[in-house]
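Worksheet for the structure shown next.
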Amino acid sequence: AILIAVFESLSLSKMQVSDWALREGLVFDRMRRSQQGDIRSGAIKALQTRFGVDLTQASYVRQTADHLFQRCRDDWKLSANSYELLCWAAELHEIGLIISHESHQKHGAYLLDNVDLPGFSTEDQHWLSTLVRMHRSKLSPKLLGLLETNDHQQALYLVVLLRLSVLLHRARNPVAINIERLRAKGNSLDIQLSEANLEDQRPLLVADLERESELLQVVNFTLTFHS
């Protein structure tokens, strides 16, 4: 009845439905961020508590992701918004464990696509979902294709940084192995680890890095490492 009245009053002939909307709440949110802090950080913390995320492990992974991001920022021309998304994804990468350990990256992605996250746009929420979905195991180029075309490259870089951060803390240790030198160029990342005799001292880490190098080839990314 309301739509009929609107159509008749405004002499409309057709209406196109859109999934996007601009609300006064977005304006209010922007104002509140500058005055009282970012509501999104509170939403992330609430989500961690709700789904029982291991806060200590999330902190380890975030710190390493932060460190890697800063060292690759200029070479890859990473944006400030990308930094926020990477850090939030690091804090939520294990959210799917509440459902099942097996394929928990898929469960985490589903939760992030469907949960209520105050302050986040639909686009940013899908970014978080994609990063969490691709933080471990096999990679699917199709998932990157679901993002805006201009964002594919940035998304790939963030995926690589998040995967490395998780891998370096797979033993749930507070300190990741020291990266002495890191060179990012195009779709490649060359890492020099400070620890000598790495294959003898950290054979499992070497095996993980070798497997990661193979997995990244699917998305045309080259990862090399040496000590």
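The values are calculated or read from the model by the stated rules, or taken from the named source; none is laboratory data. Here the structure is a predicted model, which means the values were calculated and not measured. Here the Cβ positions follow ideal geometry from the backbone for every residue, glycine too, while neighbour counts run over all protein chains shown. Remember, those area values only see protein heavy atoms, side chains included, never the ligands or the DNA or RNA. Shrake-Rupley method; radii C 1.70, N 1.55, O 1.52, S 1.80 Å.
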Leu156 vs. criteria of a type in the set (A, V, I, L, M), touching a residue at least 24 places away in the same chain (Cβ under 8 Å) and under 29 Å from Leu205 (Cα atoms): yes
Taking region 178-205 as the region of interest, how many residues are of a type outside the set (Ser, Thr, Tyr), open to solvent by less than 70 Å² (accessible area, probe 1.4 Å) and outside any helix (DSSP H, G or I)? 12
For region 129-166, give me each residue that is of a type in the set (A, V, I, L, M, F, W, C) and over 19 Å from His67 (Cα atoms). Met134, Leu139, Leu143, Leu144, Leu146, Leu147
Among the listed residues Lys106, Lys142, identify the single one that is touching a Gly at 6+ places or on another chain (Cβ under 8 Å), in a helix (DSSP H, G or I) and among the basic types (Lys, Arg). Lys106
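To keep it simple, each residue is scored yes or no on (1) farther than 19 Å from Ser165 by Cβ; (2) modelled with pLDDT under 95; (3) open to solvent by less than 10 Å² (accessible area, probe 1.4 Å).
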{"position": "Gln48", "(1), (2), (3)": "no, no, no"}
{"position": "Val53", "(1), (2), (3)": "no, no, no"}
{"position": "Ala58", "(1), (2), (3)": "no, no, yes"}
{"position": "Leu86", "(1), (2), (3)": "no, no, yes"}
{"position": "Ala89", "(1), (2), (3)": "no, no, yes"}
{"position": "His93", "(1), (2), (3)": "no, no, yes"}
{"position": "Gly96", "(1), (2), (3)": "no, no, yes"}
{"position": "Asp124", "(1), (2), (3)": "yes, yes, no"}
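Report yes if some residue within region 206-219 is at pLDDT 90 or above, closer than 20 Å to Gln153 by Cβ, open to solvent by 50 Å² or more (accessible area, probe 1.4 Å) and in contact with a strand residue (DSSP E or B) (Cβ under 7 Å, 6 or more places away or on another chain); otherwise report no.
Checked region 206-219: no residue is at pLDDT 90 or above, closer than 20 Å to Gln153 by Cβ, open to solvent by 50 Å² or more (accessible area, probe 1.4 Å) and in contact with a strand residue (DSSP E or B) (Cβ under 7 Å, 6 or more places away or on another chain).
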Being assigned to a helix (DSSP H, G or I) and either modelled with pLDDT of 95 or more or open to solvent by 70 Å² or more (accessible area, probe 1.4 Å) (or both) narrows it down to one residue among Ser82, Ser41, Ser13, Ser9; which is it? Ser9
